[in-house]
Amino acid sequence: MIIQPKVRGFICTTAHPDGCARAVQDQIDWVKRQAPFDGPKKVLVVGASTGYGLASRIANCFGAGAATLGVFFERPASGKRTATAGWYNSAAFHEAARNDGYYARSINGDAFSDEIKAETIAAICEDLQAVDLVVYSLASPRRIHPRTGENFSSVLKPIGGTYTNKTVNVQSGEVSDIAIDPASEEEIAHTTAVMGGEDWQMWIEALDEAGVLADGVRTIAYTYIGPEITHPVYRDGTIGQAKNHLEQTAKALDEHLQAKSGSAHISVNKAMVTQSSAAIPVVPLYISLLYKVMKEKGCHESCIEQMHRLFAFGLYAGASTDAEGRIRIDDREMREDVQREVVALWEQVNTDNLESLSDIEIYRSEFLGLFGFGFAGVDYSVDVDPERGL
């Protein structure tokens with residue numbers, strides 16, 4: 001099969017196995033060039049196949065020598081349909097980890113379900129006995145509640161009033177105004193049910209009840225705050241309400257884990273080109289401007305660089321926290337000089353000057369890279385077998 005990108009809105013419906021493998025290997029190679037760090041040894045990553053979850057797995061495996069168990073919901077190749085990028089990413093990670101002698105196992109299924117939690121616990125009992133780090137990096141637009149059967153869908157909306165601001169059509173480069181109507185109370189509740197902390201708490205409680213959390217276990221989940229430009233549609237919107245719930249859950253879990261000398265943490269991460277961020281209006285334009293400014297100032301970080309800093313110099317090195325107890329690895333993004341320049345560009349940017357004022361071309365490139373396209377050394381004209389095994 002000759003695989004080319006097929007972009008539909010903010011998603012690509014195809015993925016390239018060799019390109020995804022190249023992307024994973026690039027992250028692994030970067031970690032190997034850094035000094036090893038003293039971190040966890042047995043790691044569970046819930047949401048391990050893309051973005052920050054995948055980078056967390058790579059950083060701890062190849063940086064700290066950890067055995068890793070990943071949970072995700074991805075689709076293998078079938079007929080003329082390629083697998084999802086996350087499937088190919090995970091297949092490449094497995095091969096690289098095993099080639100270097102590291103334990104790697106993955107469970108594919110609905111992480112919100114009790115069945116997948118039970119399967120994960122069984123795998124830990126069989127192979128690892130206990131885990132000393134649980135990374136919760138699950139991103140999904142929907143959730144079926146395992147106890148009630150209720151089906152929840154999240155929305156990306158402001159709260160309290162219509163929000164109007166600039167946005168960009170990434171493919172065409174057209175900058176225009178967008179108006180987003182406010183969420184209903186039901187939509188707010190549904191978004192919190194999907195993206196809040198309830199499932200994280202269910203995971204930790206299930207693992208604890210099964211006796212597979214090591215003494216001193218740490219668990220961490222990820223959030224984003226961002227600038228005032230994005231607050232109405234993100235931090236002050238439906239997603240922000242869910243993230244507030246996630247952060248409150250961290251405090252409850254931290255208290256719960258004290259009996260095991262454990263702890264729960266929230267890391268505030270930098271804005272990145274991810275499948276999740278591509279879906280949020282306003283954010284792709286902001287990221288394209290942010291990347292330009294941070295690269296010019298020499299403070300830009302990739303996803304793997306962020307996660308390596310979090311684990312090597314943050315969570316396992318006594319990181320300082322903000323007033324809310326959060327680890328802030330968005331510190332470089334939120335620097336006053338960075339934000340001042342981004343705001344100045346935001347006020348100027350339009351369709352005519354987008355290419356010169358922003359890194360929109362880099363955004364497009366990184367977006368396609370999420371699906372394995374655009375990597376040097378990969379011949380996209382060659383017929384490839386889309387099948388890859390974990």
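Just so it is clear, none of the values below were taken in a lab; they were calculated from the coordinates. The structure presented is a predicted model; accordingly, all values stated were derived computationally and were not measured. For neighbour counting, all protein chains shown are included, and Cβ atoms are generated from backbone atoms with ideal geometry for every residue, glycine included.
Brief remarks on what is shown
- Square roots of 5 times each gyration tensor eigenvalue, C-alpha, the chain, largest first, Å: 31, 26, 21
- Neighbour-limited loop hits for trypsin sites (Lys or Arg not before Pro), the stretch 139-183 (at most 16 other Cβ within 10 Å; DSSP other than H, G, I, E, B): Arg147
- In nm, spacing of pseudo-spin labels at Asp181 and Ala252 (7 Å Cα→C-beta vector): 3.2 nm
- Evaluating kT/(6 pi eta Rh) at 25 °C and 0.890 mPa s, with the Kirkwood radius of the stretch 1-95 over Cα pairs in the Stokes-Einstein relation, gives 175 µm² s⁻¹.
- Alpha-carbon spread of the stretch 51-113, three principal axes, descending order, Å: 37, 27, 18
- Note on the stretch 294-390: semi-axes of the ellipsoid equivalent to its C-alpha gyration tensor, largest first and rounded to whole Å, are 31, 26, 10.
- Remark: relative contact order (the chain) = 22 percent; criterion is Cα-Cα distance under 8 angstrom and separation of 6 or more residues.
- The mean of 1/r over all pairs of different alpha-carbon atoms in the stretch 39-82, once inverted, gives a Kirkwood hydrodynamic radius of 11.2 Å.
- Over the stretch 55-189, relative contact order from alpha-carbon pairs under 8 Å, at least 6 apart, %: 16 percent
- Two-decimal log10 I(q)/I(0) for the stretch 270-320, as the Debye equation yields it once each C-alpha is a single scatterer, q = 0.12, 0.28, 0.29, 0.30 Å⁻¹: -0.34, -1.01, -1.03, -1.05
- When both bridge partners sit in the stretch 1-142, DSSP labels roughly 20% of those beta bridges antiparallel.
- Three principal axis lengths of the stretch 150-281 [C-alpha, angstrom, descending]: 53, 29, 23
- Computed over the alpha carbons of the stretch 82-222, Rg followed by Dmax gives 19.4, 54 Å.
- Theoretical ellipticity at 222 nm over the chain - DSSP helices of four or more residues, -39500 (n - 2.57) apiece, nearest 500: -12000 deg cm²/dmol
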